[in-house]
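Asker: I have a structure here, written as structure tokens, and I will follow up with some questions on it.
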Amino acid sequence: LPVGNGRLGAMIYGDPVNEKIQLNEETFWSGGPSRNDNPKALEALPEIRQLIFEGKYQEAEKMVNQNMMTERNGSMYQVVGTLELNFDGHQNYTNYYRELDLE
């Protein structure tokens, strides 16, 4: 179960006896500073806008894919750490379920 707010995140694996929670934070990345932009994007933007205004959505989408999607591979999030929680005496659990209530 992934949880987070965009800056902080965690992956909860859901074992009621030996829970493992993998932690992430937005400043932990692989490698050095990376550029994830496409240098052709700014030049293509006016034509893409015009195609959208004209209702030519498939042509606009094709231009977006060719000119705005990155040609470079950026960095990936790295795990900050793993929290392991062991609950001795809970091996014989029943009716286990997980639930996420956003309210």
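The values are calculated or read from the model by the stated rules, or taken from the named source; none is laboratory data. All values reported here derive from a predicted model rather than from experimental measurement. All Cβ positions, even for glycine, are placed from backbone atoms using ideal geometry, and neighbour counts span all protein chains on display. Remember, those area values only see protein heavy atoms, side chains included, never the ligands or the DNA or RNA. Shrake-Rupley method; radii C 1.70, N 1.55, O 1.52, S 1.80 Å.
Asker: Give, to the nearest whole percent, the P(r) tail of the chain beyond 17 angstrom, counting all Cα pairs.
Answerer: 70 percent
Asker: While we're here: Would you rank Val64, Val80, Val17 by solvent-accessible area, highest first, keeping every protein chain in place and using a 1.4 Å probe?
Answerer: If we order Val64, Val80, Val17 from most to least accessible, we get Val80, Val64, Val17.
Asker: Pick out, in residue order, every one of the chymotrypsin sites (Phe, Trp or Tyr not before Pro) in segment 44-97 that is DSSP loop and has at most 12 other C-beta atoms within 10 Å; say none if there are none.
Answerer: Sites meeting the loop and neighbour criteria: Phe87, Tyr93, Tyr96, Tyr97.
Asker: Return the Cα extents of segment 40-88 along principal axes one, two and three, sorted largest first, each rounded to a whole Å.
Answerer: 65, 22, 13
Asker: Among the aspartates and glutamates, which have Cα under 16 Å from the Cα of Lys56 when same-chain residues fewer than 8 positions away are ignored?
Answerer: Excluding near neighbours in sequence, the set is Glu47.
Asker: For Trp29, list long-range residues whose amide hydrogen, built 1.01 Å from N in the peptide plane, is under 5 Å from its own amide hydrogen.
Answerer: Gln78
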